[in-house]
Structure formats: structure tokens, C-alpha cells
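Before any comments, here is the structure.
The values are calculated or read from the model by the stated rules, or taken from the named source; none is laboratory data. Note that the coordinates shown come from a computational prediction; the quantities given were computed from them, not determined experimentally. Cβ atoms come from the backbone with ideal geometry, glycine included; neighbour counts cover every protein chain shown. In case anyone asks, the SASA skips ligands and DNA or RNA and just uses the protein heavy atoms, side chains included. Shrake-Rupley method; radii C 1.70, N 1.55, O 1.52, S 1.80 Å.
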Amino acid sequence: MSAAARDLQDIGSLEPSRKMSLKTERRAIHVDQSELLCKKGCGYYGNPAWQGFCSKCWREEYQKARQKQIQDDWELAERLQREEEEAYASSQGAQGGQPSLGFAKFEEKKSNEKTRKVTTVKKFFTASSKSVQKKDMKEPKAPSPSLTRQYSIETDRVSKEFIEFLKTYHKAGHDVYKQCKIFLEAVQHKKESNIEELSEYTQDFYQNTADKLQMYWKVPPNKVEEAMDQIEKFIMTRLYKHVFCPETTDDEKKDLAVQKRIRALHWVTLQMLCVPVNEDIPEVSDMVVKAITDIIEMDSKRIPRDKLACITGCSKQIFNAIRTTKNEPASADDFLPTLIYIVLKANPPRLQSNIQYITRFCNPSRLMTGEDGYYFTNLCCAIAFIEKLDAQSLNLSEEEFNRYMSGQASPKKHDSDIWDTDTCPGVKQMHRNLDLLSQLSERQERIVTEAKKLEKDLIDWTDDVTREVQDIVEKYPLNIKSSTQALASIDSENVEDDRLPPPLQPQVYAG
């Protein structure tokens with residue numbers, strides 16, 4: 001029996017009060033089910049990207065804030081208009097005639113400035129009628145030919161599948177396809193818009209299309225969900241390269257920050273997170289590998305629903321691993337720490353970009369309810385925990401945590417944490433020796449690295465000193481002048497230079 005299983009068995013045998021206190025001491029990661037729900041109390045799942053709201057409540061709050069901004073802009077425009085009219089009336093009274101051409105230009109300029117400041121939702125959702133000149137367009141980055149061909153083949157395949165799917169809807173299918181084409185053309189005109197505005201536009205399109213399918217075209221609810229999945233697949237296959245990790249956002253910067261953070265936490269162990277998974281069991285180890293593969297594979301998908309399917313697949317593998325280890329169903333308190341551990345081991349590429357992409361362009365009904373919404377919300381919580389992870393979260397002291405983070409030390413594995421009681425002592429000793437050799441190898445590598453660095457520093461210092469001496473010699477050359485006067489004996493009488501000391505005289509000492 002593993003140490004984690006023994007701990008759980010011991011906890012189960014305690015009294016309820018003692019059981020609760022021990023659980024609090026051992027487990028630092030705990031999220032109640034209520035914390036995953038929308039903070040407005042609507043019953044749907046919330047999301048950290050939406051400040052704890054669900055998709056529906058977040059859009060309501062967003063629309064309120066936007067309407068308030070629009071109202072403030074209109075009030076500002078009206079105030080500017082009144083000031084202009086007063087200034088115009090004053091100038092008319094002073095001049096007693098027609099307004100000058102200069103004032104007319106000034107009024108036109110102020111009017112244009114006011115029009116630019118007042119941006120309404122209606123203006124955003126209306127396709128632009130201005131034609132963009134080629135010379136004013138920015139030259140886009142040309143993708144590689146192979147990647148372009150791959151996108152083109154996949155786009156054609158998805159289009160054919162979408163058309164075949166809509167044939168079963170007859171007249172409604174024709175109207176849906178027409179609405180999708182209009183939407184894609186409108187997005188092409190708004191490619192330079194803010195990514196949040198494009199997201200809002202896409203979410204409105206999802207909602208309006210679903211309402212029309214159910215109310216206007218009388219499509220059954222189960223068919224509506226199936227149709228919305230196909231619509232999302234059709235439009236996001238075309239928009240993926242334009243809206244995934246756009247240059248106008250800081251998604252890439254966040255990706256690098258999360259990857260750096262996860263690499264710095266490579267030393268975190270199962271025991272620190274209280275993960276009830278025993279990787280020594282071959283079946284459990286295979287499930288952990290599959291969970292890591294699923295979460296990494298998320299980045300290769302282009303459709304939000306497919307990325308969600310990868311998260312769901314990873315989560316199901318985690319539940320299976322916990323159930324196999326404990327021989328009982330897994331709980332939510334077991335799932336979140338294990339998900340954090342999987343994310344730390346996998347370090348998925350472009351993690352934040354994928355989370356933002358799903359949040360912005362996935363069908364909102366999938367994120368609000370169901371297992372996809374539950375698993376996605378837990379993944380967001382796991383990422384937030386990793387970003388804020390500290391010593392207290394892992395039941396470590398600040399000194400230990402800082403040493404592990406800086407790489408000065410690594411956690412020591414205790415025999416009681418990794419070995420069963422019936423394990424052969426020779427096997428334990430062998431593994432202890434292997435760990436010791438591994439530590440010695442790491443120390444030797446550090447010594448060799450520091451020695452090479454010291455050698456390089458000495459060579460650089462010698463070169464610098466030689467260079468400085470050479471510069472001084474060249475700047476201040478040493479000229480030795482030879483003396484033409486013969487050297488005088490110090491013992492001879494020197495009448496020319498009486499500054500010399502007198503010659504030495506022998507002295508006799510009585511023995």
C-alpha cells in the first residue's frame with residue numbers, strides 16, 4: 001500500500017472533528033464548488049477571465065459599462081457642441097457678419113474630433129463602407145507555403161462538411177450558411193479592431209443564431225446545440241490565424257511568464273501538493289502520461305470546442321488515475337491538486353493564449369454548464385494557483401521555498417514517502433545510493449561550471465592587466481640616458497662631490 005493510501009486510510013479511521021483538522025493541516029489546496037460558480041449567483045460556472053462572472057452575466061456587466069461609456073461620450077459631445085455654439089455666437093456678435101472661413105474650418109475639425117470620440121455599438125456592428133487603399137494597408141506577415149496549404153486543405157474540408165451538414169436543415173440550413181458568410185465578411189472589415197470587440201461581436205452572433213434556430217426556424221434544442229457546434233467549427237477554422245494570440249494583446253507575454261514560472265517549479269512533488277496518485281502503479285503511470293499528452297495536444301487544435309475536448313480528456317484521465325490509486329471514486333478536492341501537478345509536469349505551450357482564445361470565441365453555453373465548463377473552470381483555477389503559489393501553499397518554510405526556487409537545493413525524498421513496508425532493504429539502499437550519485441553528479445557539474453567560469457575570469461583579468469600596462473608604456477615611454485662621467489670609487493677621495501659619505505674605516509675590537 002502506498003503512503004498516500006495509508007494516509008487516507010488513517011484519516012478515515014479518525015473522529016470527524018480530528019479528521020477535519022488533519023485534513024486542513026495536510027491539504028493547502030481546496031476550492032469549494034460554490035467558488036467555481038458565477039459570483040452573481042445565477043448558477044452557471046464563473047471564469048477568472050470574466051472576473052468571476054459567467055459568460056451571460058459578464059456580457060451584461062460589459063454592456064452596462066459600455067453603455068455608460070457611450071452616455072459619457074455623448075454628454076461630452078453635447079457639452080463641446082454647446083461651447084462651440086456659444087463661441088460661434090460670440091464671434092458673430094463681435095464681427096457683426098458671416099463667420100470667417102478659418103472659424104468654419106475650426107468648427108469642422110471639432111466636429112470630426114467629436115465624431116471620432118463617440119463610438120457606439122451600432123457603429124461597431126455595421127460593416128465599414130470605406131474602401132481601404134492598398135498603399136495604406138499594412139503588409140501582413142506571409143506564412144510558410146506548407147502551413148498555408150495545410151490551412152487551405154483543412155478549410156476546404158470543413159466547408160464541405162458544413163454544407164453537407166446544413167442540407168439536413170433544408171431552408172433553415174440555407175439561411176444559416178448565408179448568415180455565416182455575412183458574419184465572416186463583416187469580420188474581414190473589422191480585423192484591425194480590438195480583440196475584445198471581435199469577441200463580443202462573435203458572442204452576439206452565436207446568441208442571435210441560436211435564438212433564430214430555436215424561435216424562428218423551430219429547430220429542436222438538441223439539434224440547436226449540434227448546429228452551433230458546426231457553426232463554431234466553420235467560422236473559427238477561418239478566423240483562427242487572425243484571432244489566436246493577436247499582436248495587439250499581451251497574450252504572448254503572459255505565455256512566456258507562465259512557462260518561466262512552471263519551469264522554476266519543476267521541483268514540486270506529489271507529496272507537497274497532497275496528490276492521491278501513485279505513479280508506481282503501471283496503469284496509473286499510463287493515465288498520467290495520457291493526461292499530460294492531452295493537455296499538450298490542446299495547442300494543436302484550431303477550434304475552441306476541440307481545445308475544450310483536450311481539457312476534458314485530460315481531466316477524465318486524472319479522475320481515472322485517482323480512482324485506480326484509491327480504489328474509490330475521486331472527489332473534487334483530489335482533482336484540483338492533481339490537475340495542478342499535471343500542468344506543472346506538462347508545461348503546455350501557449351497556455352494563456354489557449355485559455356484566452358477559448359474564453360473569447362467558444363460557444364458560451366459550453367463554458368457555462370456541463371463537464372466542459374467545469375473542467376475549464378478548474379484549469380483556470382489551477383493556473384491562478386500556480387501563478388500565486390508560495391511557501392505556505394506547499395507547507396514549506398520561506399527559506400526552503402526560496403532555496404528550491406533559486407536552484408540552490410532540491411527536496412529530499414523520504415523513504416517513508418516512496419517505499420512500502422515490505423520492500424527489500426537492498427533495493428532501498430540501491431536507490432539511496434543512486435540518489436546520492438545523482439546529487440554528487442549535480443555538484444560536480446556545478447563545480448566544473450564554476451571552475452570554467454573562474455578560469456575565464458582569470459584569463460580576462462590577465463588580458464586586461466596586460467592591456468593596461470601596454471597602454472601605460474606606450475603613453476609614458478621609459479627613456480634611459482647613459483652617463484658620460486666615469487664612476488668614482490666610493491673608497492677614494494672624492495673632492496668633486498663632498499656630499500658623499502666618508503670612506504669606511506676599519507675598527508679593532510678587543511677580544
The range 149-200 - residue that is among the β-branched types (Val, Ile, Thr) and over 34 Å from the mean Cα position of the chain (by Cα) and, of those, modelled with the lowest pLDDT: Thr168
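When you look at Ile322, is it under 21 Å from the mean Cα position of the chain (by Cα) and either open to solvent by 40 Å² or more (accessible area, probe 1.4 Å) or of a type in the set (A, V, I, L, M, F, W, C) (or both), yes or no? Explain how you work it out, then say what you get.
On the way: under 21 Å from the mean Cα position of the chain (by Cα): no; either open to solvent by 40 Å² or more (accessible area, probe 1.4 Å) or of a type in the set (A, V, I, L, M, F, W, C) (or both): yes.
No: the conditions fail for Ile322.
From the list Leu344, Leu308, which one is in a helix (DSSP H, G or I) and under 30 Å from Met405 (Cα atoms)? Working first, answer last.
Numbers: Leu308 fails: under 30 Å from Met405 (Cα atoms).
On inspection, the qualifying residue turns out to be Leu344.
Going through the range 458-492 one residue at a time, which ones are at pLDDT below 60 and surrounded by 10 or more Cβ atoms within 10 Å (Cβ to Cβ)? Walk me through how you get there before you give the answer.
Of the range 458-492, the ones at pLDDT below 60 are 484-492.
Listed by number, the residues that qualify are Ala488, Ile490.
Select from the range 325-339 the residues that are more than 25 Å from the chain's Cα centre (by Cα) and in a helix (DSSP H, G or I) and write down the one among them that is surrounded by the fewest Cβ atoms within 10 Å (Cβ to Cβ). Give the steps one after another, and end with the answer.
Taking the range 325-339 first, the residues more than 25 Å from the chain's Cα centre (by Cα) are 325-331.
Cutting the leftovers down to in a helix (DSSP H, G or I) gives us 325-326.
Numbers: Thr325: 25, Lys326: 19.
Of everything passing the filter in the range 325-339, Lys326 is surrounded by the fewest Cβ atoms within 10 Å (Cβ to Cβ).
Against the definition (open to solvent by 90 Å² or more (accessible area, probe 1.4 Å), on the phi < 0 side of the Ramachandran plot and not in a helix (DSSP H, G or I)), how does Glu164 come out, yes or no?
Numbers: open to solvent by 90 Å² or more (accessible area, probe 1.4 Å): yes; on the phi < 0 side of the Ramachandran plot: yes; not in a helix (DSSP H, G or I): no.
Criteria not met by Glu164.
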Matching residues, the range 302-342, being modelled with pLDDT of 95 or more and small (Gly, Ala, Ser): Ala309, Gly313, Ser315, Ala321
Pick from the range 348-399, criterion within 22 Å of Glu225 (Cβ to Cβ) and of a type in the set (Lys, Arg), ranking: most open to solvent (accessible area, probe 1.4 Å): Arg366
Test for Glu226: is it under 14 Å from Asn363 (Cβ atoms), surrounded by fewer than 16 Cβ atoms within 10 Å (Cβ to Cβ) and not polar (S, T, N, Q): yes
Residue ID - surrounded by the fewest Cβ atoms within 10 Å (Cβ to Cβ), chosen from residues in the range 238-294 that are within 18 Å of the chain's Cα centre (by Cα), among the polar types (S, T, N, Q) and in a loop (DSSP other than H, G, I, E, B): Thr248
Where Leu389 falls short, out of the listed (1) modelled with pLDDT under 90; (2) closer than 15 Å to Met272 by Cα: (1)
Qualifying positions in the range 282-304 - among the hydrophobic types (A, V, I, L, M, F, W, C) and without any contact (Cβ under 8 Å) to a residue 60 or more places away in the chain: Val284, Met287, Val288, Val289, Ala291, Ile292, Ile295, Ile296, Met298
In the range 295-312, the residues that are open to solvent by 10 Å² or more (accessible area, probe 1.4 Å) and among the aliphatic types (A, V, I, L, M): Ile296, Ala309
In the range 425-457, residue modelled with the lowest pLDDT [restricted to those that are over 40 Å from the mean Cα position of the chain (by Cα) and open to solvent by 70 Å² or more (accessible area, probe 1.4 Å)]: Pro425
